[in-house]
Amino acid sequence: MARKHIEPFVDREVPFKKMTLPGFGKGMQYKMLSIDDDTGACTMTIKFNSGYKLPPGMSYTEYEMLIMSGSIKYGDQVCNAGYYLRVPPGVAMPEMTVPRGATAFLMYNFAEPSFVESDEDHKLAMRDQLTMVDSYDDIAWMPTTQTIYPAVAPGCLLKILKYDPLTEALSFLYCMTPKFWQDNISYHDCAEEAYHIWGTSWMMQFGDLPTGGYFWRPPWINHGAFRSELGILAFGRTDSKLHNY
Ligand SMILES: [Fe+2]
């Protein structure tokens, strides 16, 4: 994941662009947050216009998506804000429809975005790795002491969405409670990425990160102290085991 250090970046400051890659059809717009120039793997904020449709189909790379507003239908299943999807490469999803519009945080993990119309999985697809979960309502917050060592200060809570047993990479929702603070500086040997769904937090090196704030932080970058006056809700992930030095 050779991406540049991008921090801080706020997607509210840039306009959406039309998605023109083949297969995605009309009515999908994106803001590019970070991209790996070698592989095309990327992270975007996405807006689906009302009436957007995508036929049944698959991608040649894994993607993860968190719906942030509106709702998306896959076949008969309605996915509202808070739904997290991890779709492995080659897994065919049912027809996608967005009757009243939606926004989402979307990551293509190992290659550039692709879409191939198909109502069958690719023969090498690992369907058992497909995740579709209402992360807001159906997963409980847990303290970081259960997953991260040394733990983050109390008041930062997690919901684990994806764990890769080979790399120990994690994708997770996290929150900071109002008046959260942590007064140490730390770094780690994994890359770290995060997006603020709501709220503002402050970091000594990079200042305030508001709603729509994003970073892609390579290994070994000092970060902290941290503070949040009113709290935040965010999505984060690492590319390998997170150890806070
Ligand atoms: Fe970190």
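The values are calculated or read from the model by the stated rules, or taken from the named source; none is laboratory data. Bear in mind the structure is a predicted one, so any value in this text is a computation, not a measurement. Using ideal geometry, Cβ is built from the backbone for each residue, glycine included, and neighbour counts are taken over all protein chains shown. Side chains included, ligands, DNA and RNA excluded: accessible areas come from the protein's heavy atoms. Shrake-Rupley method; radii C 1.70, N 1.55, O 1.52, S 1.80 Å.
Among the residues making up segment 83-108, those that are part of a loop (DSSP other than H, G, I, E, B) and either hydrophobic (A, V, I, L, M, F, W, C) or surrounded by fewer than 19 Cβ atoms within 10 Å (Cβ to Cβ) (or both) are Val91, Ala92, Pro94, Glu95, Pro99, Arg100, Gly101.
Residue-by-condition table, conditions (1) without any contact (Cβ under 8 Å) to a residue 24 or more places away in the chain; (2) closer than 27 Å to Phe48 by Cβ; (3) within 15 Å of the chain's Cα centre (by Cα); (4) buried (at least 18 other Cβ atoms within 10 Å of the Cβ):
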{"residue": "Tyr136", "(1), (2), (3), (4)": "no, yes, yes, no"}
{"residue": "Val152", "(1), (2), (3), (4)": "no, no, no, yes"}
{"residue": "Leu157", "(1), (2), (3), (4)": "yes, no, no, yes"}
{"residue": "Ile160", "(1), (2), (3), (4)": "yes, yes, yes, no"}
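Once segment 187-200 is narrowed to residues that are within 12 Å of the ligand (Cβ to nearest atom) and part of a strand (DSSP E or B), the residue that is most open to solvent (accessible area, probe 1.4 Å) is Glu192.
From the residues in segment 210-242 that are of a type in the set (S, T, N, Q) and open to solvent by 20 Å² or more (accessible area, probe 1.4 Å), which one is farthest from the ligand (Cβ to nearest atom)? For segment 210-242, the residue satisfying everything is Thr211. Among (1) buried (at least 19 other Cβ atoms within 10 Å of the Cβ); (2) away from the ligand (no atom under 16 Å from the Cβ); (3) modelled with pLDDT under 95; (4) not basic (Lys, Arg), where does Thr144 come up short? (2) is the only condition that Thr144 fails.
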